[in-house]
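What follows is a short report on a single structure.
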Amino acid sequence: MVLDQLAEECGVAFKRDAGFLAGFGMIGSEHVILVKPQTFMNNSGDMLATLYAEERASTFDLIVIHDDLDLDLGRIKIQHGGGGGGHRGVESIIEQSVGNQFTRVRMGIGRPTFPMTSADYVLSPLTERDRLEFKKITQRAAAAVHCLVRDGITRAMNHFNSSKNESSMSQ
């Protein structure tokens, strides 16, 4: 959802590749590649080796955007490094390509209420109330990516990791 928001804002069209969709564009003065894995979430890292080979690059300044059960619904947290924290998609990225040296935009989805399991919660359709909250968090996460690319991680963390976390950066 965040990549779709970024693609719309940056005029990027996605094209199918081997196991992922990729779109090329600009954020500020920086060239960016927006990549959406089309594999099972647990295999999210698989497409990075293909992308590196196609772009003839050994590394990228990688920003991974993912959901996080440990953050309240609507909260965003930016961090660099760290472990997978049980998120199998992030663990796949760590294992398959770049280690843990990438930046994350963690989007809080909160925890399910008993008796729903975490897996059922993550895979269940959004309620109307949650759909509205996800629209807001998607816009804030896209703003966080813009800030990361334009202004760097320190400014982005100072703004988006605050406990208030409700204001959005101007585009």
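Consider Lys36 carefully, then state whether it is assigned to a strand (DSSP E or B), farther than 20 Å from Arg150 by Cβ and within 17 Å of the chain's Cα centre (by Cα). Criteria met by Lys36.
For region 114-131, a residue qualifies if it is farther than 15 Å from Gln5 by Cβ and in a helix (DSSP H, G or I), and the qualifying residues are Ser118, Ala119, Asp120, Tyr121, Val122, Leu123, Glu128, Arg129, Asp130. In the set (1) assigned to a loop (DSSP other than H, G, I, E, B); (2) touching a Gly at 6+ places or on another chain (Cβ under 6 Å); (3) not charged (D, E, K, R), Met47 fails one condition alone, (1).
Scanning region 2-19 turns up at least one residue that is within 15 Å of Arg104 (Cβ to Cβ) and out of contact with any Ser or Thr (no Cβ under 8 Å at 6 or more places or on another chain). Would you say Met26 is among the aliphatic types (A, V, I, L, M) and outside any strand (DSSP E or B)? Considered against the rule, which asks whether it is among the aliphatic types (A, V, I, L, M) and outside any strand (DSSP E or B), Met26 comes out as no. Working only within region 98-108, note down all residues that are closer than 19 Å to Leu3 by Cβ and either assigned to a helix (DSSP H, G or I) or modelled with pLDDT under 85 (or both). Residue satisfying the conditions is Val98 alone.
Contact map, region 15-43: first residue touching a residue at least 24 places away in the same chain (Cβ under 8 Å), second residue surrounded by fewer than 16 Cβ atoms within 10 Å (Cβ to Cβ) and of a type in the set (Asp, Glu), Cβ cut-off under 8 Å, separation 6 or more or different chains; pairs are Asp17/Glu54; Ile33/Glu55.
I'd like to know if region 12-20 contains one or more residues that are exposed (fewer than 15 other Cβ atoms within 10 Å of the Cβ), within 15 Å of the chain's Cα centre (by Cα) and either in a helix (DSSP H, G or I) or of a type outside the set (Val, Ile, Thr) (or both). Within region 12-20, not a single residue is exposed (fewer than 15 other Cβ atoms within 10 Å of the Cβ), within 15 Å of the chain's Cα centre (by Cα) and either in a helix (DSSP H, G or I) or of a type outside the set (Val, Ile, Thr) (or both). Among what's in region 49-71 and is more than 11 Å from the chain's Cα centre (by Cα) and modelled with pLDDT of 80 or more, pick the residue that is nearest to Pro112 (Cα to Cα). The residue in question is Leu69. If you check Glu8, Glu30, Glu95 for being more than 23 Å from Met157 (Cβ to Cβ) and modelled with pLDDT of 90 or more, only one passes: Glu8. Among residues of region 122-150 that are crowded, with 22+ Cβ neighbours inside 10 Å and at pLDDT 90 or above, those with a Cβ under 6 angstrom from a residue that is aromatic (Phe, Trp, Tyr) and assigned to a helix (DSSP H, G or I), sequence gap 6+ or separate chain, pair up as Ala144/Phe160. Checked against (1) outside any helix (DSSP H, G or I); (2) exposed (fewer than 15 other Cβ atoms within 10 Å of the Cβ); (3) at pLDDT below 85, Arg111 passes all but condition (3).
The values are calculated or read from the model by the stated rules, or taken from the named source; none is laboratory data. Because the structure is a prediction, the values reported are computed rather than measured. Don't worry about glycine lacking a Cβ; one is built from the backbone with ideal geometry, like all the others, and counts go over all protein chains shown.
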